[in-house]
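Okay, structure first, notes after.
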Amino acid sequence: MTKNGSLLEQAGAWLLALLWLAPLFYAIWAAFHGSAHVVNFDLSAPLTLDNFALAWERAPFARYMLNTAILVSLILAGQFLLCTLSAYAFARFRFPGSETAFLVVLLQLMIVPEVLIVRNYATLGELGLIDTFTGVALPYMASAFGIFLLRQAFKGVPRELEDAARVEGCGTLGILWRVYIPAARPTYLAYGLVSVSYHWNNFLWPLVVTNSTETRPLTVGLALFGAPESGVDWSVMSAATLLSVAPLLVAFLLFQRQFVQSFMRAGIR
Amino acid sequence: MSPDRRSWIHAWLLLMPAAIVLIGFTYYPAVGTVVESLWTNGTVIRPSKFAGWDNYAQVLGDPVFRKVFRNTVLFALGTVPPAITLALLMALWVNGGLAGRALVRLAYFTPTILPMIAVANIWLFFYTPGIGLLDQIGHGLGVEGHNWLGDADTALACIMVMTVWKEAGFFMIFYLAALQTLPPDLIEAARLEGAGRWTIFRRITFPLLMPTTLFVLINALLNSFKLVDPLFVLTKGGPDNATNLLLYYIYETGFSFFDGAYAATLTVVLLTLLAGIALTQFAVLDRRIHYR
């Protein structure tokens, strides 16, 4: 047996890869053909763009896409701000209770906001934030995962850099801005990509919080669109599904290496 | 003010914004849920009163809960080990000298970045009775058509297969990261000693990957309890609660049946499950990972 493994293994790896791509290929194929042909699995059927036009017409996908983009940006901005500040405190300050506080923060890795949907929905109601972008975004802004990753990155920054900045007259926040944030840039990229992919795809919490076209993200809009009551056929459904995944999928295909490396970087904690 | 005192104040000020959000949406609601589970639902006429363990007794006597709990455990056991096994296999393949490995890695990873709702939409067509892809393939082989998602015996399995497809590539990433940190000379030495590939895997690679396996296992289990998105598209928890999972049941109880106290009690059950797994993580993994 060679280092590359047997031919059988190569074939196995490729077969699995094909199997893994098949559902997506199938959806792409279905989206470009008439539904009658799709049901009959007619490979010689003519190509058409009607399904996309129909899907685009029947539901405000452009609006949903905008909503998702706003939501994802809002969450990311909030996470960067809140997690940076906390991670800085945990990485570079000695204060009583810091160890305990950090362990308490880590608890959130297990108890994500979705688990407490009923209670959190009530809280949003009291704050008057139901059906707002802020309402969907707020619970995710303090992410234990983000705090953890950034704290690790900040701890790797040499103290000498901080001392040099202090000599030049930087204050606490100046040091954070000039020294720590630039040094942790790869971590920000990694965490950002993971966060964007997570929230682009998130469903349950936005489903509960939003109830109008103006706030509903793509995932929720797509679920409504696909509900059996709406009587949409397969081809249109496939087109709508592709429309919703297209932005992230295209970004992923273009920046494949960064995506995979970001997930790996975020994975080695 | 002493410099020490000033640095404490700075630290707490830096922590303040995140602390407020964490308290507001994690700790306060977690404690509130536990408290609520001990009280009855209040109405305008009848105020809420202390119920003690009554809600928990109701949970234990609830046949739907028993089904849901069984499904939740089955779902975790039926998705996590197969997904992890596949993930390890994928990582070993992609990490080795496979021809076109970048493309293969891309194929394995792609389902990870698709939303569960979109994935469920695509798979729904595979499972549709009669005209669905699965039945069409069955037809070709002369097998009778089957209502895959409408049959209580097959519905949960269908969702599990789809979930394994969606998740395996994600877990692969953790293994890939770990494989790159393995000392190559160890494997090289074993190879010089004449060890076969299987022996090398069984005696060297797999044991060295054990911490990764544990880490992925714990996180996959935690994650599996939150994986309810496909139910909204595929089955709505049916037929007859055959695919209902704990978090979905909580959602139904809270937002369709408006039974706050019961939803809170169910949430406490879920929190207990999560905490149990998390404690295992701290106990087992803390010997390896030092949070400093």
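The values are calculated or read from the model by the stated rules, or taken from the named source; none is laboratory data. Please read all numbers here as calculations on a predicted model, not as lab measurements. All Cβ positions, glycine included, derive from the backbone under ideal geometry; neighbour counts span all protein chains shown.
Checking the stated criteria, B:ALA263 turns out to be over 30 Å from B:PHE125 (Cα atoms) and of a type in the set (Gly, Ala, Ser). If you check B:ALA283 against the conditions, is it among the small types (Gly, Ala, Ser) and either at the interface with chain A (Cβ under 10 Å from one of its Cβ atoms) or in contact with a helix residue (DSSP H, G or I) (Cβ under 7 Å, 6 or more places away or on another chain) (or both)? Judged against the criteria, B:ALA283 is not a match.
A Cβ distance below 7 Å, combined with a sequence gap of six or more or placement on separate chains, defines the contacts here; from the stretch B:120-146, residues that are at pLDDT 75 or above reach residues that are part of a loop (DSSP other than H, G, I, E, B) and of a type in the set (A, V, I, L, M) in the pairs B:TYR127/B:LEU149. When the stretch B:183-197 is filtered for residues that are within 13 Å of chain A (Cβ to nearest Cβ), surrounded by 12 or more Cβ atoms within 10 Å (Cβ to Cβ) and either under 19 Å from B:THR213 (Cα atoms) or within 35 Å of the chain's Cα centre (by Cα) (or both), the ones remaining, listed by number, are B:ILE187, B:ARG197.
Take the residues of the stretch A:151-160 that are under 13 Å from A:ALA91 (Cβ atoms) and assigned to a helix (DSSP H, G or I): which is farthest from the chain's Cα centre (by Cα)? Give the steps one after another, and end with the answer.
First pass over the stretch A:151-160, keeping only residues under 13 Å from A:ALA91 (Cβ atoms): A:151-159.
From what is left, the residues that are assigned to a helix (DSSP H, G or I) are A:151-155, A:159.
Numbers: A:ARG151: 21, A:GLN152: 21, A:ALA153: 21, A:PHE154: 23, A:LYS155: 26, A:ARG159: 33 Å.
My answer is A:ARG159.
What pairs come out if I take residues in the stretch A:252-267 that are assigned to a helix (DSSP H, G or I) and pair them with residues that are surrounded by 21 or more Cβ atoms within 10 Å (Cβ to Cβ) and basic (Lys, Arg) whose C-beta lies under 8 Å away, six or more apart or interchain? Partner pairs satisfying both residue conditions: A:VAL260/B:ARG105. Would you confirm whether or not the stretch A:53-73 contains a residue that is more than 12 Å from chain B (Cβ to nearest Cβ) and over 30 Å from A:ALA239 (Cβ atoms)? Looking for residues that are more than 12 Å from chain B (Cβ to nearest Cβ) and over 30 Å from A:ALA239 (Cβ atoms), one finds none in the stretch A:53-73, hence no. Apart from one condition, B:SER7 fits all of (1) farther than 30 Å from B:TYR175 by Cα; (2) modelled with pLDDT of 85 or more; (3) at the interface with chain A (Cβ under 8 Å from one of its Cβ atoms); the exception is (2).
Residues in the stretch B:247-260 that are assigned to a helix (DSSP H, G or I) and at the interface with another protein chain (Cβ under 10 Å from one of its Cβ atoms) were compared, and the one that is surrounded by the fewest Cβ atoms within 10 Å (Cβ to Cβ) is B:PHE255.
This table checks each residue for (1) at pLDDT 90 or above; (2) surrounded by 17 or more Cβ atoms within 10 Å (Cβ to Cβ).
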site: B:PRO17; (1), (2): yes, yes
site: B:VAL31; (1), (2): yes, no
site: B:TRP53; (1), (2): no, no
site: B:THR72; (1), (2): yes, yes
site: B:PHE75; (1), (2): yes, yes
site: B:VAL80; (1), (2): yes, yes
site: B:ILE84; (1), (2): yes, yes
site: B:GLY97; (1), (2): no, no
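Could you please find all residues in the stretch A:17-32 being more than 7 Å from chain B (Cβ to nearest Cβ) and either at pLDDT 90 or above or closer than 18 Å to B:VAL94 by Cβ (or both)? Result: A:LEU18, A:LEU19.
Go through the residues of the stretch B:63-78 one by one and say whether even a single one is in contact (Cβ under 8 Å) with a residue 12 or more places away in the chain, within 14 Å of chain A (Cβ to nearest Cβ) and out of contact with any Cys (no Cβ under 7 Å at 6 or more places or on another chain). Checked against the condition, which is being in contact (Cβ under 8 Å) with a residue 12 or more places away in the chain, within 14 Å of chain A (Cβ to nearest Cβ) and out of contact with any Cys (no Cβ under 7 Å at 6 or more places or on another chain), the stretch B:63-78 yields at least one hit.
Going by the structure shown, is A:GLU126 over 28 Å from A:TYR180 (Cβ atoms) and surrounded by fewer than 23 Cβ atoms within 10 Å (Cβ to Cβ)? Explain how you work it out, then say what you get.
Details: over 28 Å from A:TYR180 (Cβ atoms): yes; surrounded by fewer than 23 Cβ atoms within 10 Å (Cβ to Cβ): yes.
The answer is yes for A:GLU126.
B:ILE137 satisfies every condition listed in (1) within 29 Å of A:ARG119 (Cβ to Cβ); (2) out of contact with any Lys or Arg (no Cβ under 6 Å at 6 or more places or on another chain); (3) not charged (D, E, K, R) except (1).
For the stretch A:94-103, check the following and say yes or no: at least one residue is outside any helix (DSSP H, G or I), surrounded by fewer than 21 Cβ atoms within 10 Å (Cβ to Cβ), more than 8 Å from chain B (Cβ to nearest Cβ) and out of contact with any His (no Cβ under 8 Å at 6 or more places or on another chain).
To start, the set of residues in the stretch A:94-103 that are outside any helix (DSSP H, G or I) comprises A:94-97.
Filter once more, so that each one left must be surrounded by fewer than 21 Cβ atoms within 10 Å (Cβ to Cβ): A:94-97.
From what is left, the residues that are more than 8 Å from chain B (Cβ to nearest Cβ) are A:97.
Still in the running and out of contact with any His (no Cβ under 8 Å at 6 or more places or on another chain): A:97.
Yes, there is a match, as at least one residue in the stretch A:94-103 is outside any helix (DSSP H, G or I), surrounded by fewer than 21 Cβ atoms within 10 Å (Cβ to Cβ), more than 8 Å from chain B (Cβ to nearest Cβ) and out of contact with any His (no Cβ under 8 Å at 6 or more places or on another chain).
Please determine, by comparing only the residues of the stretch B:101-143 that are closer than 30 Å to B:LEU214 by Cα and either basic (Lys, Arg) or over 22 Å from the mean Cα position of the chain (by Cα) (or both), which one is surrounded by the fewest Cβ atoms within 10 Å (Cβ to Cβ). My answer is B:ALA102.
Among the residues of the stretch B:36-47, those identified as free of Cβ contacts under 8 Å to residues at least 12 places away in the same chain and either more than 14 Å from every other protein chain (Cβ to nearest Cβ) or within 22 Å of A:PRO113 (Cα to Cα) (or both) are B:THR43, B:VAL44, B:ILE45, B:ARG46, B:PRO47.
Go through A:ALA227, A:ALA184, A:ALA246 for me and flag whichever is at pLDDT 85 or above, more than 21 Å from B:PHE170 (Cβ to Cβ) and among the aliphatic types (A, V, I, L, M).
On the way: A:ALA227 fails: at pLDDT 85 or above; A:ALA246 fails: more than 21 Å from B:PHE170 (Cβ to Cβ).
Of the residues listed, the single one that is at pLDDT 85 or above, more than 21 Å from B:PHE170 (Cβ to Cβ) and among the aliphatic types (A, V, I, L, M) is A:ALA184.
Of the residues making up the stretch B:144-160, those that are farther than 16 Å from B:ASN244 by Cα and buried (at least 16 other Cβ atoms within 10 Å of the Cβ) number 1.
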